[in-house]
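Student: Please find one structure pasted underneath; my questions will follow.
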Amino acid sequence: MPTAPPPAPANPWRALAVALLNLSGLGLGYAVVRRWGLMAVCWVATVILLVVALPADPDGVPGPTVVLYLVLLALAAVHGASVGLRTRLALLPSAVIAAALGVVLLAVPATGVVLYDGAREEATEQMLLDRLDRADKLVRESGKQPFATAEAGYRRALGVYGALTDDHPGSRAARRVPGRLKVYYATVGAPYARQDYCSAVSPLKYLRTVPRTIGKKALGDLSAWPDDRLATSLYECAAASLSGGDSDWTSRFGELLSTFPASAQARKVEPAVKTAVDHAVKSVRGDDPCAAVQRLDGLGTQVRGLPGEQAGLADALGKDADRASRSARSGAYACGVAQYKDGKFSDAVTTMNDFAKNNPNDRNRARAQKTAIAAEVAQTVPAAGKRLPTTASGGSIAVTVKNDSPDDITVLYTGPVTGSFDLKACGSCASYTLGSTLRIGFKPCSDSGRHYPQRTIRLPVGTTYFVHKSRSGTGKTPASDTAKLSPGYVYTECAYTTSLGY
């Protein structure tokens with residue numbers, strides 16, 4: 001029976017050669033000492049590592065796998081050195097040559113590490129470029145939606161751009177971000193390019209917040225890109241609302257004057273306001289003076305609320321506001337006339353009385369007072385409102401008006417002349433029921449034993465409409481009478497009040 005060859009003398013070079021050859025990861029040290037099973041174990045370990053590591057992933061090989069493989073290499077090197085110390089080499093002529101070959105073969109794992117790192121970096125670059133592409137797609141899709149709906153998408157895309165520039169500043173994706181941001185700004189600000197100025201305000205205001213997320217280095221000139229466009233949008237949107245009679249123009253102009261007080265757009269605010277006031281003043285003489293007066297009254301209040309101090313427009317805007325308010329007060333006369341002619345007698349009474357109160361020196365004040373009286377008469381006797389009253393007074397026919405009423409009364413009359421006066425109460429008189437006034441033979445002021453408070457006025461020939469109303473007001477219906485006055489007669493008009501009942 002053959003016996004195993006005796007161990008070779010100890011040779012450190014053999015031990016070193018086997019250890020170095022095993023460090024290649026291919027088990028070549030075991031091959032030169034003919035330990036084929038152990039070599040196979042080294043191959044299996046290396047194959048498992050390659051399966052785990054390839055293809056290259058941005059996250060690299062899991063740490064425990066690398067540690068375990070290095071431990072196996074170290075054990076293979078130590079064990080191989082122990083075996084090679086007293087085992088003759090089978091495939092190589094000398095231990096020195098084997099050691100040199102082991103040193104050369106160490107370049108294999110080193111090269112693999114370098115190549116793998118490069119592949120992992122490329123995988124990382126591709127991953128970042130994929131993120132960039134997804135953000136770009138999100139911007140394109142958001143650009144097809146209204147800003148209120150698209151804002152969330154814009155913010156997510158911006159977060160990706162910011163993360164690329166902050167976390168991966170040297171990557172190819174990060175170097176492309178500045179160009180993408182130009183597209184981003186153009187997409188978000190697209191309403192401005194379409195001259196849809198009101199819709200452009202919100203997205204442009206949003207773009208002014210972008211520097212909080214993206215550094216100025218990546219933004220470059222884009223940092224100031226929205227400013228002039230936002231100022232223009234605020235002005236154009238407000239000017240369109242102002243000329244169109246809407247009420248939301250004040251907030252736009254206010255924001256413009258506060259945010260961009262030194263801009264050319266801010267300097268255009270006062271001329272726009274002045275033009276609006278001019279147009280409203282002119283409209284008082286148009287078809288709808290009441291709407292013009294209401295417009296002027298609103299302009300006076302709204303213009304005073306504009307923050308014109310920073311832009312140096314406070315004085316000019318104040319003058320525009322004062323002119324609008326003055327014109328509203330004086331224009332109320334035209335409104336009252338229109339209301340009277342349209343048969344809106346109750347509105348005309350209020351409008352004309354307010355006009356007379358607010359404009360004591362206006363040349364139309366006297367006629368406004370007459371119109372208020374005529375309108376009040378016409379509320380009870382509509383025929384009295386067919387013609388606008390004049391400021392004429394007096395006449396050739398004496399008319400005595402007596403008060404057959406327990407109340408102080410006001411007598412209003414209109415016709416060729418218009419006026420009013422008060423009569424004191426008749427202490428022994430009572431109000432008539434509505435039913436009694438409808439009976440045949442009804443004759444107020446016919447009790448010869450009573451002293452009726454009275455007043456004589458002179459009126460022209462023609463039809464005069466009278467209304468007598470209690471000054472206490474409550475529960476008393478104004479009484480009325482229509483008198484057709486002819487020359488050569490003396491007339492007595494009896495004023496009385498009625499209450500509901502029969």
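Just so it is clear, none of the values below were taken in a lab; they were calculated from the coordinates. Computed from a predicted structure; not experimentally measured. When we count neighbours, we look across all protein chains shown, and the Cβ atoms used for this are built from the backbone with ideal geometry, even at glycine.
Student: Mind giving me the FRET efficiency for R304 and K424? R0 is 56 Å, r the Cβ-Cβ distance, nearest 0.05 is fine. Mind dumping the intermediate values first?
Tutor: Numbers: r = 47 Å, r/R0 = 0.84.
With R0 = 56 Å, the Cβ-Cβ based efficiency is 0.75.
Student: May I ask for the equivalent-ellipsoid semi-axes of the range 195-280, computed as the square root of five times each C-alpha gyration tensor eigenvalue and listed largest first in whole Å? Working shown, then result.
Tutor: Details: eigenvalues 162, 30, 16 Å².
Those come to 28, 12, 9 Å.
Student: Kindly state, to the nearest 0.05, the FRET efficiency for K282 paired with T213, given R0 = 60 Å and r defined as their beta-carbon distance. The partial results should precede the final answer.
Tutor: Working: r = 50 Å, r/R0 = 0.84.
My answer for the efficiency is 0.75.
Student: So what J values fall out for the range 420-425 if you push phi through Karplus, 6.51 cos²θ - 1.76 cosθ + 1.60 with θ = phi - 60°, rounded to Hz, Gly and Pro as x?
Tutor: 7, 7, 10, 10, 6, 5
Student: Using 0.36 nm per residue of separation minus the Cα-Cα distance, give me the extension gain between K357 and D408 in nm, one decimal. Before the final figure, lay out the partial values.
Tutor: On the way: separation 51, 0.36 × 51 = 18.36 nm, distance 2.38 nm.
Value of the extension gain: 16.0 nm.
Student: Let me ask something else about it. Ranked from highest to lowest mean number of other Cβ atoms within 10 Å per residue, what is the order of the peptides 302-309, 461-468, 129-136? Spell out each step's value before the answer.
Tutor: Values: 302-309: 19.0, 461-468: 20.6, 129-136: 16.2.
Descending packing order for the listed peptides: 461-468, 302-309, 129-136.
Student: Quick one: which of 170-178, 413-421, 214-222, 230-238 comes out on top by average Cβ neighbours within 10 Å, and what's the full order, highest first? Walk me through the intermediate numbers first.
Tutor: Values: 170-178: 16.9, 413-421: 20.4, 214-222: 14.8, 230-238: 24.2.
Ranked from most to least packed, the peptides come out as 230-238, 413-421, 170-178, 214-222.
Student: Could you name the lysines whose alpha carbon sits less than 24 Å from that of K182, not counting residues in the same chain fewer than 8 places away?
Tutor: K137, K144, K205, K216, K217
Student: Something else: Determine, for the range 300-455, the count of lysine pairs separated by eight or more sequence positions (or lying on different chains) whose alpha-carbon distance falls under 24 Å.
Tutor: 14
Student: So, one more: Of all trypsin sites (Lys or Arg not before Pro) in the range 334-410, which ones are in loop regions per DSSP and have a Cβ with at most 13 other Cβ atoms within 10 Å?
Tutor: Numbers: sites: K341, K344, K357, R363, R365, R367, K370, K386, R387, K402; in loops: K344, R363, K386, R387.
Of the trypsin sites (Lys or Arg not before Pro), the ones in loops of the range 334-410 whose Cβ has at most 13 other Cβ atoms within 10 Å are R363, K386, R387.
Student: Compute the length gained on full extension between D167 and M127: take 0.36 nm times their separation in residues and subtract their Cα-Cα distance, giving the result in nm to one decimal.
Tutor: Details: separation 40, 0.36 × 40 = 14.40 nm, distance 1.34 nm.
Contour length minus the Cα-Cα distance gives 13.1 nm.
Student: Moving to a separate point now. Cross-link partners among aspartates and glutamates for K268, C-alpha distance below 16 Å, same-chain residues fewer than 8 apart left out?
Tutor: Within the straight-line limit of under 16 Å, K268 reaches these aspartates and glutamates: D228, E236, E255, D278, E309, D315, D320.
Student: Additional query: Roughly speaking, what is the stretch gain from Y489 to V44, that is 0.36 nm per residue apart minus the C-alpha to C-alpha distance, in nm to one decimal?
Tutor: Numbers: separation 445, 0.36 × 445 = 160.20 nm, distance 13.94 nm.
Extra length from Y489 to V44 when fully extended: 146.3 nm.
Student: FRET efficiency for T400 and R326, Cβ-Cβ distance as r, R0 = 35 Å, nearest 0.05? Let's see the in-between values first.
Tutor: Numbers: r = 44 Å, r/R0 = 1.26.
In this case the efficiency is close to 0.20.
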